[in-house]
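Notes follow the structure.
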Amino acid sequence: MSVKIAVAAPFKHMRKDRLQRSEFVFYIAIDRKWMNKEQANQLLDRAKSEGLVEVDGGAIRPLFDVAEVSIPLGFKPTSDVLAAAESPYEELIGRIAAATEKPPQEVVAELHRVVTDNFDGNLRVEAAAVILAKKYGVAFEDKLPALEKSAAKKR
């Protein structure tokens, strides 16, 4: 959520629905001194990968309603806004490991056995994770859209 807040801040403060990349970086790095220029660009890249902004040429446009985002008084993003979000695949592996009380490495090994033994290597790991989740009765429905998107990116 702090990624969304950090991205919304320059748009709200400048009262614009589009910003140039340089304006965005200036606001984050120079005006607010939240991070350096490189980190501000990393923040923008993460926001783009999470579907929060659209970058068209040099213009940045938020893909969410900036007016609905509340920026707390004294807000300063922490370093976690630059860390990559855990993939839905990894999160599902973690859920299966917790439910079966197996180490994640063992779950991944079983997942790869499903792919190679049952599907001759013709199955994406995201789909195999869903198969294992079903096998062990682990909830996966909330991760399905993200898993589909992740599998589609690899094509």
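The test for being free of Cβ contacts under 8 Å to residues at least 40 places away in the same chain, surrounded by 18 or more Cβ atoms within 10 Å (Cβ to Cβ) and either charged (D, E, K, R) or in the same structural domain as Arg32 (by TED's automatic domain parsing) (or both) does not hold for Glu90. Checked against the criteria, Val138 does not count as part of a helix (DSSP H, G or I), farther than 30 Å from Phe24 by Cα and not hydroxyl-bearing (Ser, Thr, Tyr). Restricting attention to the range 82-116, the residues that are closer than 30 Å to Ile28 by Cα, assigned to a helix (DSSP H, G or I) and out of contact with any helix residue (DSSP H, G or I) (no Cβ under 8 Å at 6 or more places or on another chain) add up to 0. Out of all the residues in the range 59-72, is one or more of a type in the set (D, E, K, R), touching a residue at least 40 places away in the same chain (Cβ under 8 Å), out of contact with any strand residue (DSSP E or B) (no Cβ under 9 Å at 6 or more places or on another chain) and closer than 28 Å to Leu147 by Cβ? Checked the range 59-72: no residue is of a type in the set (D, E, K, R), touching a residue at least 40 places away in the same chain (Cβ under 8 Å), out of contact with any strand residue (DSSP E or B) (no Cβ under 9 Å at 6 or more places or on another chain) and closer than 28 Å to Leu147 by Cβ.
For every residue, the table says whether it meets (1) in a loop (DSSP other than H, G, I, E, B); (2) more than 30 Å from Ala133 (Cβ to Cβ); (3) not basic (Lys, Arg).
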| residue | (1), (2), (3) |
| --- | --- |
| Arg61 | no, yes, no |
| Ala67 | no, yes, yes |
| Ile71 | yes, yes, yes |
| Asp80 | no, no, yes |
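Any residue in the range 19-37 that is in a helix (DSSP H, G or I) and within 25 Å of Lys149 (Cα to Cα)? Checking the range 19-37: not a single residue is in a helix (DSSP H, G or I) and within 25 Å of Lys149 (Cα to Cα).
The values are calculated or read from the model by the stated rules, or taken from the named source; none is laboratory data. Note that the coordinates shown come from a computational prediction; the quantities given were computed from them, not determined experimentally. In this analysis, Cβ positions are derived from the backbone assuming ideal geometry, glycine residues included, and neighbour counts consider all displayed protein chains.
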